[in-house]
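Worksheet for the structure shown next.
The values are calculated or read from the model by the stated rules, or taken from the named source; none is laboratory data. As the structure is a computational prediction, the values presented were derived from the model and not from experiment. All Cβ positions, even for glycine, are placed from backbone atoms using ideal geometry, and neighbour counts span all protein chains on display.
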Amino acid sequence: MKLKTLPTFGRYLKAKFGVKVAKIPVGLSGFTCPNIDGTVAKGGCTFCLNESFSPNLAKDAKITLNLKSTQNPLLEQQLKELDLQIRTTQKAMKMQGIKKFLVYFQSFTNTYAPFETLKTLYDKALSYPDVIGLSIGTRSDSVTDEVLDYLAQLSKTKEIWIEFGVQSVFDQTLERINRGHDAANAKEAILKAKAKNLNVCAHLIFGLPGENQEMMLTTAREVYNWGVDAVKYHPLYVVKNTLLANQYKAGEFAPITKEEYAAVLTMAIEIKPPHILIQRMTAGISDDTLLAPKWCGWSKNAMVAYINEALRKAGWKI
Ligand code: SF4
């Protein structure tokens, strides 16, 4: 059987820039999320424990920004944090032979701050040698025309990506996970970003409470049709001290098994138009905050090997 080549983000970047490109994840004090600070809701998405991917943030945040903030007393501190995170990660990655980088504004909602703050931070990130672009993680209800226009302007000379958490196109699911926006809002923001020629990556979660395989594939199909350029697929996993953990303990849903995940992922990739890149195929957390499913606590290598094997069996070259 002739294997089909998987259109991964890594392959795309290597072909475009001639060398391996890595993301430098950053998380800055002062950023929060409208689904946490009470603007849209409090408590956040049921699965969200933002400290789990940025442990130095959130807990001690006394000042947080939003779209209407008129001052940013944290800007100096944010610039220092950004500088430290970029330099430290770049140094470590360069020792592994990586030569070019995208700065990934990952934690919380990275367009949820006054425009001048965002512009200063994005510009600063782009000022480092060997940083060829940015990836901005955000929510569809938190992007202004001003910021999209600025990113579109930057994208004329830099590699600029905007990442939206979509998760599901089913409003009953989005309500159940306390997402704070509906699928129409996600679609509208993505279409708007695409109309400005921005590169868009959508995050999808498989295994959300109440969803079966058909619903997960419907989500994938619809989001592909919105014109996204890339996707990140994640299994839903349950972390301690979240609303989802309470629902899991109450037996309200069963976590997705590794077999179910591999099956739905393979099918989602089969129905994906070939030009849509794959930025990520799984996720997990390997510490004792994980409640379920246990396979999401496997080492990254073990998880990637398992997924790759499933894809190989389906005829994909990794
Ligand atoms: S949008 Fe992101 S940061 Fe905000 S509550 Fe949901 S998962 Fe957490």
Every residue from the range 118-130 that is within 12 Å of Leu82 (Cβ to Cβ) and surrounded by fewer than 20 Cβ atoms within 10 Å (Cβ to Cβ):
Thr120, Asp123, Lys124, Leu126, Ser127, Tyr128
Quick check on my filter: what residues within the range 151-193 are farther than 14 Å from Ile205 by Cα, more than 17 Å from the chain's Cα centre (by Cα) and among the β-branched types (Val, Ile, Thr)?
Thr157
Quick one: in the range 143-169, which of the residues that are among the polar types (S, T, N, Q) and surrounded by fewer than 23 Cβ atoms within 10 Å (Cβ to Cβ) is farthest from Asn110 (Cα to Cα)?
Thr157
When every residue in the range 143-168 that is within 16 Å of the ligand (Cβ to nearest atom) and among the aliphatic types (A, V, I, L, M) is compared, the one nearest to Leu236 (Cα to Cα) is Val166
Looking at (1) among the small types (Gly, Ala, Ser); (2) closer than 29 Å to Leu243 by Cα; (3) in contact with a Ser or Thr (Cβ under 9 Å, 6 or more places away or on another chain), which one does Ala184 not meet, given that it meets all the others?
(3)
Among what's in the range 255-274 and is part of a helix (DSSP H, G or I) and of a type in the set (D, E, K, R), pick the residue that is surrounded by the fewest Cβ atoms within 10 Å (Cβ to Cβ).
Glu259
Test of understanding: among Ile271, Ile318, which residue is among the hydrophobic types (A, V, I, L, M, F, W, C) and modelled with pLDDT under 95?
Ile318
State the number of residues belonging to the range 97-131 that are within 16 Å of the ligand (Cβ to nearest atom) and either more than 26 Å from Arg179 (Cα to Cα) or without any contact (Cβ under 8 Å) to a residue 60 or more places away in the chain (or both).
1
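From the list Ala268, Ala305, exactly one residue is in contact with a Phe, Trp or Tyr (Cβ under 8 Å, 6 or more places away or on another chain) and of a type in the set (A, V, I, L, M). Which is it?
So the residue among Ala268, Ala305 that is in contact with a Phe, Trp or Tyr (Cβ under 8 Å, 6 or more places away or on another chain) and of a type in the set (A, V, I, L, M) is Ala268.
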When the residues of the range 170-206 are filtered to those that are within 16 Å of the ligand (Cβ to nearest atom) and either free of Cβ contacts under 8 Å to residues at least 12 places away in the same chain or basic (Lys, Arg) (or both), which remaining residue is surrounded by the most Cβ atoms within 10 Å (Cβ to Cβ)?
Arg179
Scan of the range 112-150 for residues that are more than 17 Å from the chain's Cα centre (by Cα) and part of a loop (DSSP other than H, G, I, E, B), ordered by number
Ala113, Pro114, Ser127, Tyr128, Pro129, Asp130, Thr144
Of the listed residues (Thr138, Thr117, Thr109, Thr64), the one being modelled with pLDDT under 95 and of a type in the set (S, T, N, Q) is Thr64
Any idea which of Val223, Val228 is under 24 Å from Glu159 (Cα atoms), part of a helix (DSSP H, G or I) and not acidic (Asp, Glu)?
Val223
Check on Glu252, surrounded by fewer than 20 Cβ atoms within 10 Å (Cβ to Cβ), farther than 28 Å from Ala189 by Cβ and without any contact (Cβ under 8 Å) to a residue 24 or more places away in the chain
no
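Would you mind finding the one in Ala58, Ala41 that is surrounded by 18 or more Cβ atoms within 10 Å (Cβ to Cβ), small (Gly, Ala, Ser) and either at pLDDT below 90 or touching a helix residue (DSSP H, G or I) at 6+ places or on another chain (Cβ under 6 Å) (or both)?
Working: Ala41 fails: surrounded by 18 or more Cβ atoms within 10 Å (Cβ to Cβ).
Just a single option satisfies the conditions, and that option is Ala58.
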Starting from the range 32-53, keep only residues that are under 16 Å from Asp182 (Cα atoms) and in a loop (DSSP other than H, G, I, E, B), then list their pairs with residues that are near the ligand (Cβ under 9 Å from one of its atoms) and at pLDDT below 90 whose Cβ atoms are within a distance under 6 Å, requiring at least 6 positions of separation or different chains.
Asn35/Ala41
